[in-house]
Structure formats: structure tokens, C-alpha cells
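Heads up: the structure comes next, in C-alpha cells.
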Amino acid sequence: MQANAFSAPTYPKDYFSTPLDIPLYLAGNFGELRTNHFHAGLDIKTQGKEGLPVFAAAEGYVSRIKIGLGGYGKALYIDHPNGYTTVYAHLQAYEGAIADYVKKVQFEKESFTLEVFPQPGELPISKRQLVALSGNTGGSGGPHLHFEIRETESEIPVNPLLFGFPIRDNIKPIIRRVALYPLADSSRIGHIATPKFMEVEGTNGRYHLKKDAPVEIKGALGLGLEVIDKMNGTSNRNGVYSIELRCDDRRIYYHEMEKISFAESRYINSHADYREKILRSRWVQKSFLQPNNQLSIYREVAENGRLELNDDQPHQLQYIVKDVYGNTSTLDFKVRQVQKGAHPAAKTPEHLVARFRFDRENLYQGENIKVNLPKGLLYDHLNFEYRQGAPTPNSLGPVHHVHHRTVALQGYLRLALRLPPGSEAQRNKVFIAQLKSDGSFRSAAGGQLEGDYLVTETKYFGRYAILVDSMAPSLVPVNIRQGANLSGQKTIAFEIHDARSGLASFDGYIDGQWVLMEYDRKTRRLQFDFEAHEISSGPHTFELRLTDNCNNERTFRAEFVR
């Protein structure tokens, strides 16, 4: 069986220079499967440290600067004359005129976090100009530089490895498992009506099932593949560029990771087996499409990837997997349709309360709950399940089992939980929380009061309850106390945290004037940098105010000497 020749789209190969002056090794590549999104760029290793010089990949101008507590942390966006934008994220600090600009805006807004869009002439950039230092800010899991190339007009990220950066890779993708999915009530894999995951074996890009005999199937079938890629000089697991599935001589599925917009990235939860990821942390990429999968990566999908055989002869299936450099692996196996027989009707779920459709708005109202799913939130029609459980020791009212956490949503559902009678005194300190299976706290989902209901939006099915938060955020001074001499200190530092509704704001003041404080959510460290301010010698008063999302406040105040 002959695979199609590899052909990458044409992009300028000598326009962009590398953003770091070190050999490029990747901790993550474009299109790699991540929680709720496809990775939109390259994670370039920085030798396990922060503070490496980051250079502009080409001439242009700064078009956007964003500082967030999560996500990209400190990020810089540079527009270029060739119609592309480069993005540099998780930065430790900005350099030169960019740093001065950022500091000025932070003081004007009295905010550490910001998002600004300088005019084209404000911050011009030359190629290889030092623009920042690499870091570990935001949602980064370790020191590295996240680097993207986007189409400027559409803001759609494009695979940077198509632009000719000097990265060595002659390693073929590694195939781990193939998955078979029954797609109809009467479908079976062998004798079972649930997905079957089969390990494979092989070397040097040639894989096969451990058993050579054809896999027996009944009815409509969907397939999926667990596969990773590696690059020379690093052990990190990366994503592949393309996956193709053929049945005999016919292509039934093919996708490429050339570019993908942020607006569609969450459809990864339809592209991949979401249940398998939640339960077993495996990334299985499906080769069939749900009705509301709107990803643009698919180049050819015959009959939505649904495989139906009309005879009882063995049929040859082949997966062809490539990375962006054309390194190729294949998996070959056979399937055979066996005689269809009668099967018991599917059991009705015990807690079924409604039939939801993906192509329209869906509403459910129970005694103490209202659920609203906008059109397009589901990937397929759904037998919606709900039950009301007993309260936990920490909940205000019952626990609401809103379908199953293993079913993904494309966007926000609206969830309204009724406040129990007698809770009026606590109305201003309540929030909706998502709970784990044992009833313990998973995460805060927020909430606004609307009459007798507390209302929030969430992107997840699961267990929800109303909790009370009457505790102020915690605050531990690291190096300041009443009367401290801080003449030899570079910073004033604290460890801050809110374990319930979450931290809403932090503000520091010296002698009544707002000062810039930087917060690292990963380490819970909040600090003031003396070098970034002009603080005179002598006595001063420092004040820190913390507020959580239920308006609980904590204030720290101390005199110090500089």
C-alpha cells in the first residue's frame, strides 16, 4: 500500500531568525495536544534557567503587550512587514524602551496585570534587537520561551517549524495504541459494545498489532490512535504533523497541523477521546468526526471517518503518521466483519432527565437547579443525566450531579443553584464550587446572586455545590515586620493565597502611594522591588491589601526603615 508523498505548505524559510542565542531544543511543538487546546507554538528550552536574552525574530513594531497571572504570563507581540506576528511568552522581564513603556502604563493603571496595544510608531523593533529576558511566568510549568508565529490579519497561529528554524529531527513518530469505537447501538468490537484499546509493537517506524489475526467487528466502526513524536537531543514527547488512515486502497481520514485558530482550539475535546484523557491521561486522536466538530485541520474525511464493511472478508487498515520533517511511521492491521446478530436494546441511564441536541439551545430545570446549554455547546446529541445528592459537611445545600465530568463541552453552560431556606445571613459570602468524587473541593466556579439563585458559568459537567467563604486570604510576610530595617534588602516579599473563592486583587502602598507588586501564582509569592522605585532613605509605612472573590479582606501594615 503506497502512502501519499509528503508535501509541506510553502512558507518563507529565511525571514525569521531564532529568538534565542542557544541551540534550539523543544519541550513542546505546534499542534501538540494539551488540556482543552492545541499548543499554538514552540516551547523552546532555556537550559533549565531564566534570564536568557530574547531577540526579535525580525524587524517590525510592538503591537501588543500583555501581563497576566496565568496563561502566557508576561507576553510580547511584534508585527512584521511580511504579514506575520511573532509572540514571546512566559517572559521574566521586558528590556529597554519596552520595559519603560510597561512600567509607565502599570503605574497609570495602578495594576500589575495589563493588556495594551501600542501604536505602530511607538515601539519600533529591529531584527535581533534584545526585547526581553526568558522566564517562567504565567501558566508555565518550568523555565522556557513560548514562541509563536501568527498571521497578523487573522491572528491565526501557524506552525513555526514550517519556517525553517534550525532544529534537528530524524526520529520517526512512536505509535503506542490503536483504539476501536463502536458507533451504533448494534456495533461490537469482538463481543463488547465499548471502545477497545489495543497495544501495538514494532520498531523503526513499522508497527503492527501483537496478534496477527484480523480484529472481528460488527457494525459501524470508528478508529483512533495514540501516538507521540520525539526530536533529537531531547526526551520530551511532542505532537505529530499528520495522521492518515486508509482502508485497503481508500483514504478515509487525513489531517495536518499546519495552522489552527484559537477560536477552534477547544474542539480538541472532540478530536481526542476526552473520556480516555480524563480517566487514564492518554491522548487518543480519533479518526472520525462527531457532528459538531468544527476543526479546520481535516483535509479529507470520508463519511466522517465512519467505517462500515459490507462483506465478511479481511480488510487491510493502515495508519500513516508523519512529523513536520517527513519522518514517517505506519501501523498495519486487519479487521473483518462478522455476521450481525440481534443485541439487547441499550439500557436507559438511571438518572436520565432530558435529551439534549447539539444544534439547538437546551434547558433543564429541577427543584433546586437550572441548567442552560447554548446551541453548539455539545459535540453530539446527549442523554442528559442529573441527580441531587446529599450535602457535604462544607456545602450549603445539596450536591448537584450535573451529568458526567468525562463528557466535554465546547463553551460555557449557565448553572443556577437555589439557595436553601435560612441562608439569608450568608448570601454575600457564597460561591459555587466544583467538587471531586469524594466531595472535597476541586475548584471555585464563582457566582452572582439572582433572586433565590446563585448563578455562574462553567465549561465542565460534574459535581457542584454552594459553599460559604467567610475567611480572608492568607498572608505570610517573608522579610518585613514592624520596625524592620530593610536597607540591605532588594525586595519586600509575601506568600499569599486564598483556598476557597480565590484571590481577586492585591494592592501595595508605601506612604499612601500605590506601588507595583509582582505576583507569581505558582509559588504564591508577591513581592515589591526596591530597584524599580525611588524610595528615599529613612522611615516609611508599607501597607498591603488583599481581597478575595467573596469580598473578604486582609490588610498588613508595618513601619520600616530604608
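Restricting segment 345-373 to residues that are touching a residue at least 40 places away in the same chain (Cβ under 8 Å) and under 19 Å from Gly462 (Cβ atoms), the residue that is surrounded by the fewest Cβ atoms within 10 Å (Cβ to Cβ) is His351.
Scanning for something part of a loop (DSSP other than H, G, I, E, B), in contact with a Pro (Cβ under 9 Å, 6 or more places away or on another chain), aromatic (Phe, Trp, Tyr) and open to solvent by 50 Å² or more (accessible area, probe 1.4 Å), does segment 280-300 turn up at least one residue? No, segment 280-300 contains no residue that is part of a loop (DSSP other than H, G, I, E, B), in contact with a Pro (Cβ under 9 Å, 6 or more places away or on another chain), aromatic (Phe, Trp, Tyr) and open to solvent by 50 Å² or more (accessible area, probe 1.4 Å).
Under the condition of being buried (at least 18 other Cβ atoms within 10 Å of the Cβ), closer than 30 Å to Glu534 by Cα and within 27 Å of the chain's Cα centre (by Cα), the residues counted in segment 474-505 number 2. Scoring Gln316 on the criteria (1) free of Cβ contacts under 8 Å to residues at least 60 places away in the same chain; (2) surrounded by fewer than 18 Cβ atoms within 10 Å (Cβ to Cβ) leaves a single failure, condition (1).
Taken over segment 447-473, residues that are open to solvent by 40 Å² or more (accessible area, probe 1.4 Å) and in contact (Cβ under 8 Å) with a residue 40 or more places away in the chain amount to 7. Does segment 56-78 contain at least one residue that is open to solvent by 60 Å² or more (accessible area, probe 1.4 Å), touching a Phe, Trp or Tyr at 6+ places or on another chain (Cβ under 6 Å) and either part of a helix (DSSP H, G or I) or within 30 Å of Gly233 (Cβ to Cβ) (or both)? There is no residue in segment 56-78 that is open to solvent by 60 Å² or more (accessible area, probe 1.4 Å), touching a Phe, Trp or Tyr at 6+ places or on another chain (Cβ under 6 Å) and either part of a helix (DSSP H, G or I) or within 30 Å of Gly233 (Cβ to Cβ) (or both).
Here Asn159, Asn232 are screened, and the one residue that is open to solvent by less than 40 Å² (accessible area, probe 1.4 Å), under 19 Å from Glu32 (Cα atoms) and touching a Gly at 6+ places or on another chain (Cβ under 9 Å) is Asn159. When Gly51, Gly31 are checked against the criterion of being in a loop (DSSP other than H, G, I, E, B) and either open to solvent by 20 Å² or more (accessible area, probe 1.4 Å) or charged (D, E, K, R) (or both), Gly51 stands alone in meeting it. Can we say Thr547 is surrounded by 16 or more Cβ atoms within 10 Å (Cβ to Cβ) and of a type in the set (Ser, Thr, Tyr)? Spelling it out, Thr547 is indeed surrounded by 16 or more Cβ atoms within 10 Å (Cβ to Cβ) and of a type in the set (Ser, Thr, Tyr).
Here is a yes/no grid of residues against (1) modelled with pLDDT under 95; (2) open to solvent by less than 60 Å² (accessible area, probe 1.4 Å); (3) part of a strand (DSSP E or B):
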{"position": "Ala132", "(1), (2), (3)": "no, yes, yes"}
{"position": "Pro166", "(1), (2), (3)": "yes, no, no"}
{"position": "Leu180", "(1), (2), (3)": "no, yes, yes"}
{"position": "Asp185", "(1), (2), (3)": "yes, no, no"}
{"position": "Phe197", "(1), (2), (3)": "no, no, yes"}
{"position": "Ala213", "(1), (2), (3)": "yes, no, no"}
{"position": "Ile228", "(1), (2), (3)": "no, yes, yes"}
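Exactly one residue out of Gly139, Gly83 is surrounded by fewer than 21 Cβ atoms within 10 Å (Cβ to Cβ), at pLDDT below 95 and not polar (S, T, N, Q): that is Gly139. The residue pairs whose first member lies in segment 432-446 and is closer than 15 Å to Ala499 by Cα and in contact (Cβ under 8 Å) with a residue 24 or more places away in the chain, whose second member is open to solvent by 20 Å² or more (accessible area, probe 1.4 Å) and aliphatic (A, V, I, L, M), and whose beta carbons are closer than 9 Å, counting only pairs six or more residues apart or on different chains, are Ile432/Ala444; Ile432/Ala445; Ala433/Ala444; Ala433/Ala445; Gln434/Ala444; Gln434/Ala445; Phe441/Ala499.
Listed here are the residues, each with its yes/no results for (1) at pLDDT 95 or above; (2) out of contact with any Phe, Trp or Tyr (no Cβ under 8 Å at 6 or more places or on another chain); (3) among the aliphatic types (A, V, I, L, M).
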residue	(1), (2), (3)
Gly224	yes, no, no
Ser235	no, yes, no
Asp248	yes, yes, no
Tyr274	yes, yes, no
Ala302	yes, no, yes
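The values are calculated or read from the model by the stated rules, or taken from the named source; none is laboratory data. Note that the structure is a prediction, hence the values are computed from the model and not measured. FYI the Cβ positions are ideal-geometry reconstructions off the backbone, even for glycines, and counts take in every protein chain you see. Keep in mind that these areas ignore ligands, DNA and RNA; they rest on the heavy atoms of the full protein, side chains included. Shrake-Rupley method; radii C 1.70, N 1.55, O 1.52, S 1.80 Å.
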